[in-house]
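Structure record follows, encoded as structure tokens.
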Amino acid sequence: MALAPLLWFGFSGERLQTWTSGDRTIPIALQLGLPALLCAPYAIATTPLGWFRWTWFFLHALLPVVVAGLLMLVAKIDAEQRGHWLELLVLLGLGLAVDLRWFEGAWPHALTAFNKVLLLDAGLYGFLSIRRLSGVGFDLRLRWDDWKIGLREWALYTPIAIVLGLALGFLHWHRHVERAWMAPLMWVFTFFLIAVPEEIFFRGWMQNLLERRMGRTASLLITSVVFGLAHFNKRTTFFNWRYVLLAGIAGIFYGRAWRAQRRVGASAITHATVDTLWGVLLR
């Protein structure tokens with residue numbers, strides 16, 4: 001249920017991404033209330049485990065409605081889609097909720113990934129169905145050009161990452177490769193649950209919106225810096241500046257992959273391939 005909206009938007013294309021705003025006969029109350037159903041996976045998963053709490057249940061129902069409401073307001077006051085500060089406020093809220101793990105206490109440890117997926121679902125519904133934001137490029141029906149662009153940017157970034165990562169002591173070669181046969185499965189897992197969500201957020205939404213106000217270069221650099229800073233608390237309990245630096249540089253190449261044809265699939269390929277290489281050969 002949690003993955004259904006992600007796959008729905010990813011494989012339906014423009015036909016279904018705009019159905020709510022395209023059909024003016026659908027009552028506004030229904031358009032706003034529909035994303036409250038995202039609380040259902042939480043209830044179904046946590047009740048048998050004894051983790052269900054009404055407070056978390058209502059928060060899972062309320063937040064997607066707030067996101068949809070704010071973006072419905074933005075759609076009216078910024079019909080030309082020049083970019084509005086309320087959209088960045090929505091992004092800030094969703095980003096902090098994921099990065100600071102505000103909702104993870106609602107889930108058993110093994111299921112915390114669903115927190116990220118449900119927040120992404122709320123954003124997808126708000127930005128694609130309600131706001132109808134153009135240029136996001138979220139389409140999981142990958143094209144040959146997505147692979148060419150994605151792997152090209154991976155090839156450009158990888159030597160920089162390896163040299164800099166080894167020099168800083170952040171990366172280390174594995175003495176022997178364990179379970180190399182699992183690399184394709186690791187890539188698929190990383191693509192769908194790590195690369196696609198992050199590329200939608202940082203490139204399809206953030207870089208896309210910033211580009212409307214400050215141009216291609218500035219939006220690419222600012223988004224890359226924010227992407228790097230979002231990794232400050234990864235793999236450590238303190239500010240991990242090495243991870244921030246390498247992630248920030250990676251963000252430049254992910255952003256280049258996305259903006260080449262404004263396709264999330266291309267940047268997600270770069271992202272997933274980088275992460276899989278690190279997992280198989282480096283640590």
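Quick note: the coordinates plus some simple rules give every number you see, no bench work behind them. As the structure is a computational prediction, the values presented were derived from the model and not from experiment. Quick reminder, even Gly has a Cβ in these numbers, built from the backbone with ideal geometry, and neighbours come from all protein chains shown.
Using Cα springs under 10 Å in a Gaussian network model of the chain, which residue among Leu89, Leu151, Leu140 shows the largest mean-square fluctuation? Greatest mean-square fluctuation among the candidates belongs to Leu89. Using a Gaussian network model of the chain in which every pair of alpha carbons under 10 angstrom is joined by a spring, one finds that among Thr158, Thr46, Thr190 the greatest mean-square fluctuation is at Thr46.
Between the labelled values [x] 46, 43, 40; [y] 51, 46, 40; [z] 60, 48, 34, the entry that holds Cα extents along the principal axes in Å as derived from this structure is [z].
Sorting the segments 244-254, 211-221 by their residues' average number of neighbouring beta-carbon atoms within 10 angstrom, most packed first, yields 244-254, 211-221. Here's the picture: charge each Lys and Arg Cβ at +1 and each Asp and Glu Cβ at -1 in the chain, and of Ile269, Cys39, Phe57 the one pushed furthest to the positive end of that dipole is Ile269. For the peptides 49-55, 79-85, residues were scored by their other Cβ atoms within 10 Å and the scores averaged per peptide; the highest-first order is 79-85, 49-55. Charge tally for Ala266 (other residues, Cβ to Cβ under 15 Å; Lys, Arg +1; Asp, Glu -1): +3. Rounded to the nearest 0.05, what FRET efficiency do Val66 and Ser134 give with R0 = 30 Å and r taken as the Cβ-Cβ distance? Could you check? Given R0 = 30 Å and the Cβ-Cβ separation, E is 0.85. Taking amide H atoms as placed 1.01 Å from N in the peptide plane, the amide H of Leu282 lies under 5 Å from those of His174, each 5 or more residues away in sequence or on another chain.
Using C-alpha pairs below 8 Å separated by at least 6 residues, the relative contact order for the chain is 23 percent. As a proxy for reagent exposure, ranking Trp154, Trp107 by other Cβ atoms within 10 Å from fewest up yields Trp107, Trp154. Which value at 222 nm does the chain reach when only helices count, each DSSP H run of 4 or more adding -39,500 (n - 2.57), with the total divided by all residues and rounded to the nearest 500 deg cm²/dmol? Rounded to the nearest 500, it is -19500 deg cm²/dmol.
Phi-derived couplings, Karplus 6.51 cos²θ - 1.76 cosθ + 1.60 at θ = phi - 60°, listed residue by residue for region 45-50: 7, 8, 4, x, 8, x Hz, with x used for Gly and Pro.
Of all lysines in the structure, those lying under 24 Å Cα to Cα from Lys116, and not within fewer than 8 positions of it along the same chain, are Lys234. Here the Karplus relation 6.51 cos²θ - 1.76 cosθ + 1.60, evaluated at θ = phi - 60°, turns the backbone of region 240-251 into coupling constants of 8, 5, 5, 5, 4, 5, 5, 5, x, 5, 4, x Hz, with x for every Gly and Pro.
For region 84-99, backbone phi angles converted through the Karplus equation (6.51, -1.76, 1.60; θ = phi - 60°) give residue-by-residue couplings of 10, 5, 5, 5, 5, 5, 4, 4, 4, x, 5, x, 5, 4, 7, 5 Hz, Gly and Pro being listed as x.
Ordered by the number of other Cβ atoms lying within 10 Å of each residue's own Cβ, fewest first, Val67, Val280, Val274 fall into the sequence Val280, Val274, Val67.
Taking the Cα centre of region 161-272 as origin, sum charge times position over the Cβ atoms of Lys and Arg (+1) and Asp and Glu (-1), and report the length of that vector in debye to the nearest 20.
Here the size comes out at about 220 debye.
Magnitude of the charge dipole for the chain, about its Cα centre and with charges confined to Cβ atoms of Lys, Arg (+1) and Asp, Glu (-1), is about 380 debye.
Could you list His60, His271 in order of exposure, starting from the residue whose Cβ has the fewest other Cβ atoms within 10 Å? Don't jump to the answer; show the numbers that get you there.
Details: His60 23, His271 29.
Neighbour counts put them in this order, fewest first: His60, His271.
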